[in-house]
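The values are calculated or read from the model by the stated rules, or taken from the named source; none is laboratory data. Fair warning: this is a prediction, and the values are worked out from it, not measured in the lab. Glycine gets a Cβ as well: all are built from the backbone with ideal geometry, and neighbour counts include every protein chain shown.
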Amino acid sequence: MVSPGASESQIEEVAFIVDPGSSQIPASAQTKLRDVAAALAQNQAARLEIRVFSPSKSHSQSNARRLSLSRFLAIRDFLTNQGVSEARIDGRPLVSEPNELNADRIELYIER
């Protein structure tokens, strides 16, 4: 999905998997996040959309949304500590299906 007014060629996608039930940023993802912060520093007009997915388990969509929100806040804090302005970061805490492949994942979209 592309933001209104943007063309797909202006979007760079980065994704990684997180540990089920955890809001901690995996060490393997921190390098990717530093690269995203560097890309945003090079282009002050660029924006970032973060889509955070957590699976819902029987009747717990609200818990899944809270976990997604916690994950988003951890990523936003990491990026702001790298010098990215909060005003350039949009977040979407989402719920995935429990049996969905890579149900615990983070997708980052840099719009240039």
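Summary of computed values
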read-out	value
Tally, over region 64-89, of residues that are touching a helix residue (DSSP H, G or I) at 6+ places or on another chain (Cβ under 8 Å) and either at positive phi or small (G, A, S) (or both)	1
Selection from region 49-72 of residues that are closer than 26 Å to R88 by Cβ and among the small types (G, A, S)	S54, S68, S70
Every residue from region 58-85 that is over 21 Å from P26 (Cα atoms) and loosely packed, with under 15 Cβ neighbours inside 10 Å	S58, H59, Q61, S62, S85
Any hit, region 42-55, residues being in contact with a helix residue (DSSP H, G or I) (Cβ under 7 Å, 6 or more places away or on another chain), surrounded by fewer than 20 Cβ atoms within 10 Å (Cβ to Cβ) and either closer than 12 Å to L108 by Cα or among the charged types (D, E, K, R) (or both)	yes
Region 86-97 - residue that is surrounded by fewer than 14 Cβ atoms within 10 Å (Cβ to Cβ) and of a type in the set (D, E) and, of those, farthest from the chain's Cα centre (by Cα)	E97
Filter result for the condition that a residue is at pLDDT 95 or above and in contact with a Phe, Trp or Tyr (Cβ under 9 Å, 6 or more places away or on another chain), over A37, A87	A37
